[in-house]
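K.L.:
Mind having a look at this structure? Questions to follow.
The values are calculated or read from the model by the stated rules, or taken from the named source; none is laboratory data. Nothing here was measured: the structure is a model prediction, and the numbers come from that model. Here the Cβ is made from the backbone with ideal geometry for all residues, glycine too, and neighbour counts use every protein chain on show. Side chains included, ligands, DNA and RNA excluded: accessible areas come from the protein's heavy atoms. Shrake-Rupley method; radii C 1.70, N 1.55, O 1.52, S 1.80 Å.
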Amino acid sequence: MPSIKKIYFIIVAAGGGTRFGGDIPKQFCQLAGKTVVCHSIDTFYRYCEKRGIDGTVILVLSPFGKDFWEKRETGRYPDILIADGGATRAQSVANALSLIPSVCAEDMIMVHDAARPMMSECLLERLAKAVEDGHKAVVPAIAPTDSLMEKSGDETACPVCRSNYVAVQTPQAFDASCLIEAYRKQTEDIARMTDDASVVYAATGLPIRYVEGEPTNIKITNSADLPLAEILLEQCSL
C-alpha cells in the first residue's frame, strides 16, 4: 500500500452501557476533565497532525448520544461526521461506512470502541505501518495473563493452552476498500460478530495481522474502571 493520505476513524459510541450503570453511558462520562470519547478523538487528531495525514472522524451515536453531543461537544469538534447507531454493532459500523463517499488505494479506515480512551499515538503508528506494509486487516493484541479454559457444558470447562491465544483490542485498521467490500459481501451471522476483523475474515478469508497492543488500552466496562483509567492517564502523562 502506498503511504497513507487519508484515515477515516470510526468511533462506535452508540451503546447504552448497561453493565456500567449510572445515568449516562460510559462513553459520555467525565474522565480527567473531558468526555471519555474525546480522549480518543484528540489522540487521533494529534497523530494525524504529526504525520501530515488527512484524518476524518465518524462518530456513531444513539439518539441520546446525538443530543448529548450537540449540547456539549459540537462546538469543539465541528468537522466530525455523525452516523446513526444501529440495532447491532455491525449495523452501526455499516452506517458509518455509508458516509464515506469513495476511497482510493492510499486510504485507511480505523474502527474504535468509544469506551477505550487510552489508546496511544504509538499504537496508531504500529497499526498504520502494518497496513502500509500491505496487510489488509490489522488488530492490536496482547497476550492473556490469566489461565484460560473453554466452556464444555453447564458449569464445566477444559483447560486450553494460553500461548495459542491473544486478547484483541481496538482500534482496528483496514485497507479502506477491503473493509467496505467485506461489509458489502458479508451478511450471514454479521450481527453476532463482535469486531470488524471478524467481518473481514468471514467475507474474504484473509489472515488477520496483529501488532503489539497496550495493557493500558483498557475498555471501560464497569464503574470501577473510570478511576483506574484516570490513574493510568496520570501515569502515562508523566
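K.L.:
For ILE142 and THR216 in one chain, what is 0.36 nm times their gap in residues minus the Cα-Cα distance, to one decimal in nm?
P.N.:
Extra length from ILE142 to THR216 when fully extended: 25.6 nm.
K.L.:
Sort the following peptides by mean Cβ neighbour count (other Cβ atoms within 10 Å, averaged over residues), highest first: 86-93, 48-55.
P.N.:
Descending mean neighbour count gives 86-93, 48-55.
K.L.:
Treating the Cα atoms of the range 1-138 as identical point scatterers in vacuum, please give the log10 of the normalised Debye intensity I(q)/I(0) at q = 0.09, 0.21 Å⁻¹, two decimals.
P.N.:
-0.26, -1.37
K.L.:
State the antiparallel share, in %, of DSSP beta bridges confined to the range 119-238, rounding to the nearest 5.
P.N.:
65 percent
K.L.:
For the chain, report the accessible area per residue in Å² (1.4 Å probe, heavy atoms, rounded to an integer).
P.N.:
Using a 1.4 Å probe on heavy atoms only, each residue of the chain averages 51 Å².
K.L.:
Estimate the FRET efficiency between LYS151 and SER177 by the formula 1/(1 + (r/R0)^6), using the beta-carbon distance for r and 45 Å for R0, to the nearest 0.05.
P.N.:
0.75
K.L.:
Still on this structure, please answer the following. In the range 77-156, what GluC sites (Glu not before Pro) fall in a loop by DSSP, with at most 12 other Cβ atoms inside 10 Å?
P.N.:
Passing both the DSSP loop test and the Cβ count: GLU155.
K.L.:
Provide, for the range 3-95, the number of lysine pairs with alpha carbons under 24 Å apart, each pair being eight or more places apart or on different chains.
P.N.:
8
K.L.:
Let me ask you something else. Keeping the other protein chains in place, figure out the carbon and sulfur percent of the accessible area of the chain, with a 1.4 Å probe.
P.N.:
51 percent
K.L.:
Evaluate the relative contact order of the chain (contact order divided by residue number), counting alpha-carbon pairs under 8 angstrom at least 6 apart; express in whole percent.
P.N.:
25 percent.
K.L.:
Further question: Compute, for the range 57-213, the length of the dipole vector about the Cα centre, with Cβ point charges of +1 (Lys, Arg) and -1 (Asp, Glu) only. Units Debye, rounded to 20.
P.N.:
Rounded to the nearest 20 debye, it is 100 debye.
K.L.:
Also, quick follow-up: Taking the mean number of other Cβ atoms within 10 Å as a proxy for protection, how do you rank 222-231, 35-44 from highest to lowest?
P.N.:
Output ranking for 222-231, 35-44: 35-44, 222-231.
K.L.:
Related question: Would you indicate which of [x] 35, 21, 17; [y] 45, 17, 15; [z] 25, 24, 19 is the value of semi-axes √(5λ) of the Cα gyration tensor in Å derived from the coordinates of this structure?
P.N.:
[z]
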